[in-house]
1. Hey, how many Å between the Cα centroid of segment A:240-299 and the Cα centroid of segment A:300-315?
2. Taking the dipole about the Cα centre of segment A:6-97, with the C-beta of Lys and Arg at +1 and of Asp and Glu at -1, give me whichever of A:G53, A:F14, A:G78 is farthest to the positive side.
3. Which residues in segment A:132-148 place their backbone N less than 19 Å from a point set 7 Å from the Cα of A:D228 along the Cα-to-Cβ direction?
4. Provide the net charge surrounding A:K125, with neighbours chosen by a C-beta distance below 15 Å and charges set as Lys +1, Arg +1, Asp -1, Glu -1.
5. Work out the length of the dipole vector of segment A:424-602 about its Cα centre, built from +1 on the beta-carbon of each Lys and Arg and -1 on the beta-carbon of each Asp and Glu, and round it to the nearest 20 debye.
6. Just to be sure I follow: if Rg is taken over the C-alpha atoms of segment A:6-97 and Rh is the Kirkwood radius over the same atoms, what is Rg/Rh?
7. Is there a pair in A:K219/A:K547; A:K466/A:K504; A:K59/A:K119; A:K219/A:K296; A:K137/A:K240 whose C-alpha atoms are over 31 Å apart, and which pairs would that be?
8. Could you tell me which residue out of A:A229, A:V329, A:A25 lies farthest along the dipole of chain A toward its positive end? Charges go on the beta carbon: Lys and Arg +1, Asp and Glu -1, centred on the Cα centre.
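The values are calculated or read from the model by the stated rules, or taken from the named source; none is laboratory data. In this text the structure is predicted, and so the values were computed from the model without any measurement. Here the Cβ positions follow ideal geometry from the backbone for every residue, glycine too, while neighbour counts run over all protein chains shown. Ligands, DNA and RNA are excluded from the accessible area calculation, which covers all protein heavy atoms including side chains. Shrake-Rupley method; radii C 1.70, N 1.55, O 1.52, S 1.80 Å.
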Amino acid sequence: MPAFTEAFIESRDFKTELSASAASAFVAEGFDASVGRVNASDRPDLADFQCNGALAVAKAAKANPREVAAKIASHFDGDTRLDKLEIAGPGFLNFTLSHGALSDRANALASDPRIGAPKVAQRRKVMIDFGGPNVAKEMHIGHLRTAVIGESLKRTLRFLGDEVIGDAHFGDWGLQMGQLIVGLSEEQPDLPYFDAGFTGPYPAESPVTLADLGRIYPKSSARIKAKDADFLAAARKATKELQDGRPGYRALWQHFVVVSREALKRDYAALGVEFDLWYGESDADPYVEPMIADLKAKGLLVEDNGAQVVHVARPGETRKKKLDDGSVVEVPSPPPLLAVSSEGSAMYGTTDVATIVQRQKEFGPDLSLYIVDQRQAEHFEQVFRTAYLAGYAQEGQLEHAANGTVNGPDGTPFKTRDGGTLKLGDLISQAVEKANARLHEAGLGEGLSEDAFADTAHKVAVAALKFAELSNHRLTNYIFDLDRFMSFEGKTGPYLLYQAVRMKSILRKAGEQGLAAGLIAVAEPAERELVLLLDGFDNALKETYLKRAPNILADHVYRLAQGFSKFYAACPVLVGEDAALKASRLGLVSLTLRQLELGLDLMGLSAPDQM
RNA sequence: GCACCCAUAGCUCAGCUGGAUAGAGCGUUGCCCUCCGAAGGCAAAGGUCAGAGGUUCGAAUCCUCUUGGGUGCGCCA
């Protein structure tokens, strides 16, 4: 399997083509091909693209960079793609494309079903792990991030040609389950699930609602935090018994899972986030025992203070640690993976390694991406190293695509005004309400049916939330401000939808007038700029793919929408007498709309026909 | 204590495989609807890229240190 590098993506944009030409020119002059890299110009007032290779190479060659640049430039003599190639400043090569080349590109994009999107050279299997919303806990704002970023990456990788499997990876195992069991047994001790002598069958109806779980869980967590030793011991015991298959606990747990999953599905559906698998940590459970045996057989499992651990630090990888008595000792870094607790329970990390074994067996992914909070970086380092040591995956096949935390206006983790966490479901409702209000305020969507209006409001709300999320780099700890996201002005999701709607409106009117899109002939500056943006889609997707960074895609889509808006203001499409001009501009509108809608789709957004 | 991440315009954020005048949105100021949807467009003001050294012809970008934040550190997930 080829490495996850630039060469892995097949591109056909100007940047790639000019880079290839420049690279062979540098090679012909005796330099390294890598310095031939051509990028979009930093000075759009001077040129479309630039190459800085002559500067990079001049020193070692003891040559004047401008002279090197001149030699490279001579290789482009007669290149019909270029209107001009200038040597500027200390030795920049400034490429300006001809109108003809831009027109050709625009027409090529218009006839390309992929609208300029690149493809992977070789299809791979990629597993995307959405890092476990938990049983009993309604999703909150932090889950929005993983869901939205993961969904966008899933769509992007898939569109570029990989086989992608998204797994919700539900948090349905471990101590929290024991907490719930014990918590419920205190509230309703007479339920048959707690009677070890009960022979069944157990009631089909769940004894708890999600609201019940939402009450019991925080209460029991608080007790554990407060070091309630009896409660903790009981929860651990219940966890162990659940994992060992005690029938009443299993039956009860099944209800917890079903009840919780319904709520999760509702929220995810509202966001347009879909999973191929709804696996949970519990699904890896059958793999735990054989895996533990295997680790033992491989000599990786070591007894430590009554627990079983796997040492993952390499020789020399240590950190200093201060003990309670004040002395400082060297300990391995990263710390060992705690595989089996002294109670005999499988731990979080154990389950995660077992999940890798399970996935290897069921799917054999070439790459697994974990879209999970960066605070778990060390945990994943332990898990990945264990998997590599045991041979469950090849080095580099496991990757933590970490994301930052979502903070409130005060810079601390997001809370509501009364200090609670904001439920994701409530957040979505608030967003939809605001969208409704804003549409009415602006007098938009008045001609729509009630259903169409509701659909539009939902699309606008989701666009606002998701685009705000996606336009930040995934690692940024950003400040969540619903009012700002919902302002619908400037760099927002609704702006993108609005531009799409304007395009659709033009095309609709053109249809009514019997006008059709035709051959695109670029002439005006705004048209040039727009075609250059369209051409940049390839690179934006490539970078998004390689860096697992949807903010690059988000930025491209925004700039495209902006480019269109400028074009819209500068170049009338439907007015005037020149039929060829109208056909050309209609072609450009149609092409731009298609790429915009594709970009929106890859972000998990969709534009209404009207708003 | 140790480790990792971060510090860019009044605010929220891009940019960071080193290159020419550091960008966007919001906010502020001014202009543009007898013309395809003004949730729009154009323009202006606003930055010692936390600070100090270093590498380099060239540093927001790479290295070191300092300061100020965030996060994590075996029987929770």
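1. Value for the Cα centre distance between the two parts: 26 Å.
2. So the residue we want is A:G53.
3. A:136-137
4. Here the count lands on -2.
5. With Lys and Arg at +1 and Asp and Glu at -1, about 420 debye.
6. 0.94
7. From A:K219/A:K547; A:K466/A:K504; A:K59/A:K119; A:K219/A:K296; A:K137/A:K240, over 31 Å: A:K219/A:K547; A:K59/A:K119; A:K219/A:K296.
8. Of the options given, the answer is A:A25.
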